[in-house]
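For reference, the structure discussed in these notes is given below.
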Amino acid sequence: MDELERVDPELFNLIKQEETYQIESVRLIPSENYVSRAVLQATGSILANKYSEGYPGRRYYEGQQFIDQIETIVIERAKRLFGAEHVNVQPYSGTPANLAVYTALLKPGDGLMGLALPHGGHLSHGWNVSLSGNFWRPIHYTVDRETHRIDYEQVRRLAKSERPRMIITGATAYPRQFDFKIFGEIAREVGAYLLADISHIAGLIVAGVHPDPVPYADVVMTTTHKTLRGPRGAMILCRKEIAPQIDKAVFPGIQGGPHNHTTAAIGVALKEASSPEFKNYGCQVVRNAKALADELLARGFQLVSGGTDNHLIVIDLTNKQVIGRKAAQALDRAGIVCNYNTIPYDPRKPFSPSGIRLGTPAVTSRGMKEQEMRQIGAWIDKVIARIDDETVIARIAGEVREFSRQFPAPGLIQ
Ligand SMILES: *Cc1c(COP(=O)(O)O)cnc(C)c1O
């Protein structure tokens with residue numbers, strides 16, 4: 001990055017500081033990861049210079065002889081990896097991709113049914129501060145008060161009484177697996193489309209450690225930058241019959257020209273995700289989450305739903321007498337990065353909720369295993385127990401820095 005340093009030392013220095021932070025901290029935000037150097041190189045390539053509105057073979061600009069080949073390769077890789085009939089690789093990110101799906105298949109005011117945000121759902125699933133909750137009629141199902149799991153009978157009852165035009169399955173803070181088959185049955189019973197938003201779990205599905213929605217859903221949306229370990233972007237997978245509507249909704253419905261540098265980087269990530277090593281990665285992500293959950297349970301932490309089946313954990317800190325935001329901030333000072341999060345039926349407000357959310361995708365990309373998860377669990381316990389003791393937190397921060405340096409992160413130079 002010598003040229004960046006020369007032209008813009010101010011931004012160069014901040015990027016370098018962020019890089020050091022990513023090297024020296026234990027990153028437990030479940031939606032974050034480390035991409036490979038190959039993905040970074042495609043993202044930073046000259047493809048950023050290019051305009052190519054339209055789709056391969058049907059562009060509104062000349063000069064697409066290489067871009068068409070790139071996008072076609074990426075589409076074919078995605079179709080093969082997920083077993084999908086049709087794939088659109090142009091969405092800029094997950095939220096616009098979801099908006100494109102709704103635009104394609106719903107009329108304004110149609111019922112859109114998703115998991116409620118405080119129960120682990122995503123803003124773009126019809127929450128009221130999002131366009132999705134204003135342009136369409138939001139309907140929300142919740143998790144069970146005792147088990148913290150999706151209550152499929154409640155979903156069925158609600159679908160029958162509210163008659164949504166689309167049901168969404170998928171979440172950002174749900175530590176258990178989804179039964180896509182039941183969701184598919186419910187959607188068919190009420191004549192709704194089923195959208196599976198697998199943004200968080202796409203990499204686990206590819207690795208075979210989470211059930212696959214493709215046989216049951218009309219549309220599958222995923223971001224490419226979470227467990228899939230690609231650049232920031234998204235893809236929409238769908239059945240052939242609705243492909244024209246989906247494509248039209250992405251462009252020209254919601255977006256302009258595709259980000260070709262991102263498209264190419266998605267292709268690199270898909271190639272990497274097709275490897276046997278990636279299967280091992282996905283398995284280890286889940287094993288690590290279980291190991292971290294076990295360590296936390298053994299130390300008296302209460303976990304939403306009692307544990308995890310996937311890559312993430314939500315801790316209910318109520319019994320520790322610490323609120324989520326304070327815990328997340330203290331952990332960050334100790335070099336352990338996570339986010340504060342609501343818990344189901346949280347008595348506290350969303351900007352100061354009772355929980356924190358942790359995930360293992362990024363630390364697993366650095367080669368950490370169960371033994372390291374136990375160490376991380378012990379640090380979390382120590383920080384929460386000594387939350388006001390800056391001496392203890394500073395000592396842990398030093399240990400975390402030294403520990404993190406032993407696990408080179410893909411894509412970063414150490
Ligand atoms: C992350 C996420 C999104 C949105 O992705 P952005 O790229 O941040 O817009 C949508 N749905 C789910 C379930 C997600 O986890």
Under a Gaussian network model of the chain whose springs join Cα atoms within less than 10 Å, the largest fluctuation of SER45, SER36, SER404 belongs to SER45
In whole angstrom, the spacing between the Cα centers of the range 351-404 and the range 1-27 equals 24
Taking N as the number of residues in the range 40-273, the ratio of its alpha carbon radius of gyration to 2.2 N^0.38 Å works out to 0.99
A 1.4 Å probe over the protein heavy atoms gives the range 280-404 a carbon and sulfur accessible-area percentage of 48
Between the modelled labels at VAL129 and GLU241 (7 Å from Cα along Cα→Cβ) the distance in nm is 3.8
Computed, not fitted: 222 nm per-residue ellipticity of the chain from DSSP H runs ≥ 4 (each -39500 (n - 2.57)), nearest 500, equal to -13500 deg cm²/dmol
With label points set 7 Å from each Cα along the Cα-to-Cβ direction at LEU297 and GLU3, the distance between them in nm comes to 5.3
Taking a straight Cα-to-Cα line shorter than 17 Å from LYS382, and setting aside same-chain aspartates and glutamates fewer than 8 residues away, one finds ASP294, GLU295, ASP316, ASP332, GLU372, GLU390, GLU399
Answer in debye to the nearest 20: the dipole magnitude of the range 40-273 about its Cα centre, from +1 Lys/Arg and -1 Asp/Glu charges placed on Cβ, is 80
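Dipole magnitude of the range 280-404 about its Cα centre, charges +1 at Lys/Arg Cβ and -1 at Asp/Glu Cβ only, in debye to the nearest 20?
Result for the range 280-404 is approximately 160 debye, rounded to the nearest 20.
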Counting only backbone N atoms under 13 Å from a point 7 Å out along Cα-to-Cβ of ARG163, the residues of the range 108-130 in range are 110-111
Under the rule rounded for a/c under 1.5, else prolate if a/b exceeds b/c, else oblate, using alpha carbon gyration tensor axes a ≥ b ≥ c, the range 87-213 is classed as rounded
A correct Karplus calculation of ³J(HN,Hα) over the range 80-93, with 6.51 cos²θ - 1.76 cosθ + 1.60, θ = phi - 60°, whole Hz and x for Gly and Pro, returns 5, 5, 9, x, 9, 6, 9, 9, 10, 9, 8, x, 5, 6
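Leaving out ligands and nucleic acids, note down the accessible area per residue over the chain with a 1.4 angstrom probe, in whole Å².
Accessible area per residue: 43 Å².
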Once THR147 and GLU390 are pulled to full extension, the length gained, defined as 0.36 nm per residue separation minus their Cα-Cα distance, is 83.8 nm
For the chain the mean separation of alpha carbon contacts under 8 Å (6+ apart) over residue count, i.e. relative contact order in percent, is 23
Quick numbers on the chain, Rg and Dmax over C-alpha atoms in Å, give 21.5, 63
Between ARG37 and ASN319, the two model label points (7 Å from Cα along the beta-carbon direction) sit apart by a distance in nm of 4.7
Computed about the Cα centre, the charge dipole of the range 151-247 from +1 Lys/Arg and -1 Asp/Glu charges at the Cβ has a magnitude in debye, to the nearest 20, of 140
Taking only the Cα positions of the range 353-399, the convex hull volume per residue in Å³ is 93
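Within the accessible area of the range 30-181, what % is carbon and sulfur when the probe is 1.4 Å and the other protein chains stay in place?
Percent of accessible area from carbon and sulfur atoms in the range 30-181: 52.
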Of the residues LEU14, LEU117, SER365, the Cα lying farthest along the dipole of the chain towards its positive end, which is defined by charges on the beta carbon of Lys, Arg, Asp and Glu, belongs to LEU117
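The values are calculated or read from the model by the stated rules, or taken from the named source; none is laboratory data. Model, not experiment: these values are computed from the prediction. Glycine also receives a Cβ, built like all others from the backbone with ideal geometry; neighbour counts cover every protein chain displayed. These accessible areas exclude ligands, DNA and RNA; they are computed on the full protein's heavy atoms, side chains included. Shrake-Rupley method; radii C 1.70, N 1.55, O 1.52, S 1.80 Å.
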